[in-house]
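Please read the structure below before turning to the comments.
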Amino acid sequence: MSDRPDEVYSHGHHESVLRSHEWRTAENSAGYLLAHLSPGDDLVDVGCGPGTITLDLARRVAPGRVVGVDSAGAVVDQATDRATHEGVGNVTFMHGDAYALPADDASFDVAHAHQVLQHLGDPIAALVETRRVLRPGGLLAVRDSDYAAFAWAPTDERLDRWLQIYHGITQRNGAQADAGRWLPHWVASAGFVDVRTSSSTWTFADPESRAWWGGLWADRVRASSFHEQAIAYQLSDAAELEDIAGAFIAWSTAPSALFVVVHVEVLAHRPPA
């Protein structure tokens, strides 16, 4: 993400957060991009996290060169170990900042960022930096959540409070929880052209996926940076957060329950020389 001292990563790196990141694949998180990739493309993955999406993309563009960049050193080490374990040899993971990528000008054909811009205080500046490392005509692919568009059933006032608290945390951190709806504007403002916008969802509606998603967020509410920041920013207290965690468990076991996570995705190009 970013090494700027005035920026706080709202999610942190608790095990429950990494559990979510490690679940992500190119198929469930970058499907809008896959048809536009070709073997031999050089690709940078900005905010790569533990590298699960990065490795999938690397397999698709091999023998092209892939670089995953993240500001969390421990996560970079984890991604490097995963690449070694899975035998993906055309990828390198590096510590770096979204505002100052460790790459030369015009060195990649494709730049990808999944759920990164929503955490940055100046997403347009990060996009301008991403444009710098793309070759003329190179492809940008960005995807971000839009929390205000999330939907779930059955309704529960405690889950409404969860969303209210989440917005409060991200606002305090200078981030934009509803980044998805802003992507087209940010991308165009950063000087990209041929901006194409689409949307997609993660839908948790069967017992297995509901148990995973509900348990994941119950743990995040109880123990991750969400819990710490909600209390530090005086947005909630331990008792209410435990009640919200219980609401996620209750939702996950409710008959016919569903939770829809909404994403907006944008493809655009660096202008040709």
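Quick note: the coordinates plus some simple rules give every number you see, no bench work behind them. Here the structure is a predicted model, which means the values were calculated and not measured. Quick reminder, even Gly has a Cβ in these numbers, built from the backbone with ideal geometry, and neighbours come from all protein chains shown.
Pairs, please: C-beta under 8 Å, at least 6 apart or cross-chain, first residue closer than 30 Å to Gly96 by Cβ and in segment 129-157, second of a type in the set (Ser, Thr, Tyr) and part of a loop (DSSP other than H, G, I, E, B)?
Glu129/Tyr99; Val133/Ser107; Arg135/Ser107
Among the residues in segment 123-131, are any surrounded by 24 or more Cβ atoms within 10 Å (Cβ to Cβ) and either β-branched (Val, Ile, Thr) or touching an Asp or Glu at 6+ places or on another chain (Cβ under 7 Å) (or both)?
Yes, segment 123-131 contains at least one residue that is surrounded by 24 or more Cβ atoms within 10 Å (Cβ to Cβ) and either β-branched (Val, Ile, Thr) or touching an Asp or Glu at 6+ places or on another chain (Cβ under 7 Å) (or both).
If a residue must be more than 12 Å from Val46 (Cβ to Cβ) and either in a helix (DSSP H, G or I) or within 19 Å of the chain's Cα centre (by Cα) (or both), how many such residues does segment 97-131 contain?
Selection size over segment 97-131: 6.
I need a count of the residues in segment 16-55 that are in a helix (DSSP H, G or I) and within 24 Å of Asp77 (Cα to Cα).
16
Considering each residue of segment 218-247, count those that are part of a helix (DSSP H, G or I), within 21 Å of the chain's Cα centre (by Cα) and crowded, with 19+ Cβ neighbours inside 10 Å, and give that number.
Selection size over segment 218-247: 9.
For Ala273, all conditions in the list (1) within 24 Å of Thr170 (Cα to Cα); (2) over 21 Å from the mean Cα position of the chain (by Cα); (3) outside any helix (DSSP H, G or I); (4) touching a residue at least 60 places away in the same chain (Cβ under 8 Å) hold save one; what is the number of the exception?
With (1) within 24 Å of Thr170 (Cα to Cα); (2) over 21 Å from the mean Cα position of the chain (by Cα); (3) outside any helix (DSSP H, G or I); (4) touching a residue at least 60 places away in the same chain (Cβ under 8 Å) applied to Ala273, the lone miss is (1).
Out of Leu117, Leu134, I need the residue that is closer than 22 Å to Gly191 by Cα and in contact with a Pro (Cβ under 6 Å, 6 or more places away or on another chain). Which one?
Leu117
Could you grab me the full set of residues in segment 227-273 that are under 29 Å from Ser29 (Cβ atoms) and among the acidic types (Asp, Glu)?
Glu228, Glu265
Which of the residues that make up segment 189-202 are β-branched (Val, Ile, Thr) and either assigned to a helix (DSSP H, G or I) or farther than 17 Å from Gln115 by Cα (or both)?
Val193, Val195
If you check Asp97, Asp41, Asp109, Asp81, which single one turns out to be under 30 Å from Ser225 (Cα atoms), touching a strand residue (DSSP E or B) at 6+ places or on another chain (Cβ under 9 Å) and of a type in the set (Asp, Glu)?
Result: Asp97 is the single residue among Asp97, Asp41, Asp109, Asp81 that is under 30 Å from Ser225 (Cα atoms), touching a strand residue (DSSP E or B) at 6+ places or on another chain (Cβ under 9 Å) and of a type in the set (Asp, Glu).
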